Structures are given as C-alpha cells and as structure tokens.
1. Residues of the stretch 271-285 being open to solvent by less than 50 Å² (accessible area, probe 1.4 Å) and either touching a helix residue (DSSP H, G or I) at 6+ places or on another chain (Cβ under 8 Å) or at pLDDT 95 or above (or both), which ones?
2. Evaluate the following for ALA176: is it open to solvent by 20 Å² or more (accessible area, probe 1.4 Å), closer than 30 Å to SER212 by Cα and either among the hydrophobic types (A, V, I, L, M, F, W, C) or in a helix (DSSP H, G or I) (or both)?
3. Tell me whether the stretch 208-221 contains one or more residues that are open to solvent by less than 30 Å² (accessible area, probe 1.4 Å), closer than 12 Å to TYR289 by Cα and touching a helix residue (DSSP H, G or I) at 6+ places or on another chain (Cβ under 9 Å).
4. Hey, can you tell me all the residues within the stretch 113-150 that are assigned to a loop (DSSP other than H, G, I, E, B), polar (S, T, N, Q) and over 26 Å from ALA65 (Cα atoms)?
5. Residue check, ASN196 against (1) of a type outside the set (A, V, I, L, M, F, W, C); (2) within 30 Å of GLU111 (Cα to Cα); (3) part of a helix (DSSP H, G or I), all met but one. Which one?
6. Do the conditions hold for LEU154, that is, is it in a strand (DSSP E or B) and farther than 30 Å from PRO255 by Cα?
7. How many residues are part of a strand (DSSP E or B) and over 19 Å from PHE121 (Cβ atoms) if we restrict to the stretch 199-223?
8. Output the residue which, of all residues in the stretch 45-64 that are closer than 20 Å to ASN128 by Cα and surrounded by fewer than 16 Cβ atoms within 10 Å (Cβ to Cβ), is nearest to the chain's Cα centre (by Cα).
Amino acid sequence: MPKGRHHRQHGIILLGMMVALMLASGFYLINQANRLFSSSVRESADARALQQARDALLSRAISDANHPGSMPCPALTSDGNAPGLPPCPSFVGWLPWRTLGLDDLRDGSGERLWYVLSPIFQDSGTINANSTSALTLDGASGISALVIAPGAALPGQNRPSNLPTDYLDQKDGNPATSNSDGDNSYFSGSSGDKFNDKVLPLSTSTLFSGVSRRILGEIRYAYIAAASIAPFADVDNDGLSDPGQDIGRFPYKNPAFAINSPTWYSASPPYHFWYDSLQNNGWFPLVTYDRSTRTISLSGQVLTLP
C-alpha cells in the first residue's frame, strides 16, 4: 500500500474514534443533565408541597379558637381526614390535607405527605408560649411539628400502606437514625438509595411568633372596643388594674373589657368573652403591658395601642 494512502486511512480511523468519543461524551452529558433536571424538578415539587403544608398548619394553629397554637391530629389513612377530638390516636401519620382545607398535596414522586405532631400541641390541655416539645430534628430541639415528603419507595418498603416503615426511612440505613421508629428524634439529609425523606419543621419559635401576634391583636381589639382611657396595669395577676401601676399585665377583667367575642370563640349566642380561651391557656401572665408607652408585648412581638 502506498505510504500516503496508509496515513490517510489511519487519519480517518482516528477521526472516527474522536467522533465516537464525542458522541458518547455528549450522550453522557445529556443523560447527566436530564438526571439533574429530573432531580431538580422533584426537589422543587417537594419544597412547594412541604411549604404549603407547613403554612396551613401554622395558619390553623394561629386561628384556633379554644387552644391557640394547637394543630390537628395526623390522619390515620391517606384520605386526608384528621381523627376526631383528642387525644390523638397517633402522633405520626398522614398529613390531614382535607381537614386543613388543602388540595391533595403530593411530593415530587407522587406520594402524599406525612406529618409528625408533638403531643403537647394537640387540641387539648393548656398551650401557651411556655409549652415545650420533645421533638428534635437532627438533634435540634424546639420543634412543634414536622411535614415529610417520603419520596419514592426504597427497597423493602411495600406501598400502599399506612405503616410509617413503608414511607419513612433510616438515614444511611442506620436504625439509630430512623424516622420510622416512633421516638421523638427525626433526621434529614441528602437523598440516596437508602434515604430520601425530605423534612420541613415548624419550629416552636415560628409557631409562637404567629400566635403571639394574634393574641396581641385580640387585646388591641378589646382595648379599642372599650373606648376607655389607658387603664393601670395588673401587677398581682388577678386580671384587674392596680391603681398607680404603669407596668405589669393587661387588666383584661376590668369591667370595661367584658366584651363578647363572636369572632374567635363562638359565631352565635351564647357568646364567650374575648379573653376566655386566652385565660384558660394561661396567656395573660406572659403578656407585658406598659401604660406609659401604651404597648403590649409577648414572645418578642410588640404592639402599640391607640
């Protein structure tokens, strides 16, 4: 074979190999991009669903009439209906999306959300800013509730079911860091072949910040409705003004504030006083009233009275 022809054939072979390598690299990059895009889409869907769920729980807690700060029990099935009156039959279960007035929320893999509630925040007992939760997330305390996107089924999980073990995972496959063992310790982390739970907490600080604004608003409502001069403060926690005292508690039991509340507690007679649920849950001793500045404060929230 002539030497020139040999070199041309060798060059054609090298060119073909380069083209093949480029095509293979291109397909690899496209596949990687598609995988990253799909993962991004799933994570975005997870984030949206979790945020909607947490916002609905917070709204429900802020507006509750009898126990401000309380939340519904987890649903026992995926139908989205919370069980009836407490005590809750379980504190780990499905998000009660129907009870919360939400659409049928799904995570990026098409699964409904799960929900963990600290027992102290069920709709019973006494709930106020001194209430503490035993729930933790990654070792951090101060968690009132968790919403969890369970992701696609992992090996060993059998769906559909109503068992936490079929939806909630063991981080890194370690039973000591399990989200399905029924204790108060929960974990988050990167998705992989052994763990794909996406967890969003509702912290007690966020919860009580919102509830405190509602409570201060209730006091302001009564203050305006009474149309009286600024009363002296209550310093002995009997709910009544103590003459000459400017700083203390708000004197909600003064006769001027004996106002019915059709807004929060009862929509039809017999009405309850606006302060009934707040008194029953021990909120008033936690509110600071300053007559000289006409301010009321609670859990870091401050409101100025007219």
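1. TRP274, TYR275, LEU278, ASN281, GLY282, TRP283, PHE284 - these are the residues of the stretch 271-285 that are open to solvent by less than 50 Å² (accessible area, probe 1.4 Å) and either touching a helix residue (DSSP H, G or I) at 6+ places or on another chain (Cβ under 8 Å) or at pLDDT 95 or above (or both).
2. no
3. yes
4. SER141
5. ASN196 satisfies all of (1) of a type outside the set (A, V, I, L, M, F, W, C); (2) within 30 Å of GLU111 (Cα to Cα); (3) part of a helix (DSSP H, G or I) except (3).
6. So LEU154 does not fit the description; no.
7. The qualifying residues number 0.
8. ASP55
The values are calculated or read from the model by the stated rules, or taken from the named source; none is laboratory data. These numbers were taken from a predicted model, which means no experiment stands behind them. No Cβ is skipped: glycine too gets one built from the backbone with ideal geometry, and neighbour counts run over all protein chains shown. Just the protein is used for accessible areas: all its heavy atoms, side chains included, with ligands, DNA and RNA removed. Shrake-Rupley method; radii C 1.70, N 1.55, O 1.52, S 1.80 Å.
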